[in-house]
Amino acid sequence: MSIPTLSEGPITIRPIRLRDARRLERELLDNRGWLRRWEATSPHGVGSFDVRGSIRNLLAHARAGLGLPFVMEYDGHFAGQLNVSSIQWGSVSSATIGYWVSEKFAGKAVTPTSVALATDYCFFQLGLHRIEICIRPENEPSLRVVRKLGFRYEGLRRRYIHIDGDWRDHFCFALVSEEVPTGVLSRWLNGKAPADAAHVPDADLRAAAVDHVAD
Ligand SMILES: CC(C)(COP(=O)(O)OP(=O)(O)OC[C@H]1O[C@@H](n2cnc3c(N)ncnc32)[C@H](O)[C@@H]1OP(=O)(O)O)[C@@H](O)C(=O)NCCC(=O)NCCS
């Protein structure tokens with residue numbers, strides 16, 4: 001599966017390459033404190049820090065039609081990563097999006113713009129039907145991203161992903177293509193994203209908070 005290069009203003013998503021390894025390693029090391037709380041970890045013990053290996057893995061998944069690994073750029077500078085992963089074809093036709101930016105690029109709309117570009121590509125070029133994003137209840141900046149774009153709240157997944165050393169609750173948000181006939185990017189840029197689609201009901205906020213306090 002080929003991976004496109006897509007842009008909106010100063011923000012571009014493009015395929016990750018093996019020659020990004022050194023830059024990516026630098027950014028991951030420089031942003032340790034910024035990223036650690038939100039980083040997936042291995043439930044089976046210590047993971048390895050093999051950046052070239054992880055890029056190879058992402059590219060192998062892309063060749064198999066299971067993922068789209070992007071680099072996010074701002075004004076041509078490496079700003080972070082966005083991965084479309086866990087692509088399921090056929091009757092489900094769904095995928096997951098994950099992302100991070102370096103701290104110095106935070107707050108410049110790099111992520112919502114990139115998520116919108118990637119989602120529109122998945123819906124209208126690849127023919128996928130659903131995109132989901134799962135976020136820890138404590139991750140306000142990431143919750144802002146789905147709220148801005150009008151992703152719809154789907155529910156609380158208990159102890160869903162191993163992050164920062166333990167199984168963590170996640171709020172799950174999604175869109176299906178029929179919800180955004182004009183595309184996610186244009187809906188957002190035209191101020192038409194529904195303000196309350198990502199609203200999390202009090203019961204789920206309370207349930208997640210209880211679990212968080214128990215950690
Ligand atoms: C979550 C994240 C990807 C958001 O990316 P982004 O490109 O900064 O997104 P935005 O520009 O839309 O900013 C989102 C929110 O971040 C917050 N923010 C803005 N500037 C910030 C800064 N300098 N530092 C920290 N947070 C900031 C604001 O709450 C903003 O919402 P607002 O625009 O309504 O004020 C980014 O904060 C990040 O990489 N965090 C660490 C890794 C992570 O959490 N990944 C996601 C796991 S689900």
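FYI, it's all coordinate maths here, none of it is from the lab. Bear in mind that the values here come from a model prediction, so they are computed numbers and not experimental data. Neighbour counts are summed over all protein chains in view; Cβ atoms, including those assigned to glycine, are modelled from backbone coordinates with ideal geometry.
At-a-glance table
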item	result
Point-to-point label distance, R52-R22, nm (Cα→Cβ direction, 7 Å offset)	1.2 nm
For T41, residues with placed amide H under 5 Å, excluding near neighbours	H162, I163, D164, G165
Backbone HN-Hα couplings from phi across the stretch 179-188 [Karplus 6.51/-1.76/1.60, Hz, Gly and Pro as x]	6, 10, x, 9, x, 5, 5, 5, 4, 5
Trypsin sites (Lys or Arg not before Pro) within the stretch 103-191: DSSP coil, no more than 16 neighbouring Cβ in 10 Å	K108
Rel. contact order, % - alpha carbon contacts under 8 angstrom, at least six apart, the stretch 6-214	19 percent
Rg to Rh, two decimals, where the chain supplies the alpha carbon set and Rh follows Kirkwood	0.94
Proximal charge balance of L28 [Cβ under 15 Å; K/R count +1, D/E count -1]	0
For the stretch 7-13, 3J(HN,Hα) per residue [Karplus equation, 6.51 cos²θ - 1.76 cosθ + 1.60, θ = phi - 60°, Hz, x = Gly/Pro]	9, 8, x, x, 9, 10, 10
Least to most buried among L24, L189, L29, L175 (fewest other Cβ within 10 Å first)	L29, L189, L24, L175
Largest-first ellipsoid semi-axes for the stretch 1-91, taking √(5λ) over the Cα gyration tensor eigenvalues, angstrom	21, 20, 12
Length released on extending from V176 to R159, taking residue separation times 0.36 nm less the Cα-Cα span	3.7 nm
Local electrostatic count, T12, Cβ distance below 10 Å [Lys/Arg +1, Asp/Glu -1]	-2
Fluctuation leader among A174, A106, A198 - the chain, Gaussian network, Cα springs under 10 angstrom	A106
Residues whose placed amide H lies under 5 Å from that of I16, excluding near-sequence neighbours	F70, V71
J(HN,Hα) series, the stretch 157-162, from Karplus relation 6.51 cos²θ - 1.76 cosθ + 1.60, nearest Hz, glycine and proline x	9, 6, 6, 7, 10, 7
A198 long-range amide H proximity, modeled H, under 5 Å	Y153
In nm, spacing of pseudo-spin labels at R63 and S86 (7 Å Cα→C-beta vector)	2.5 nm
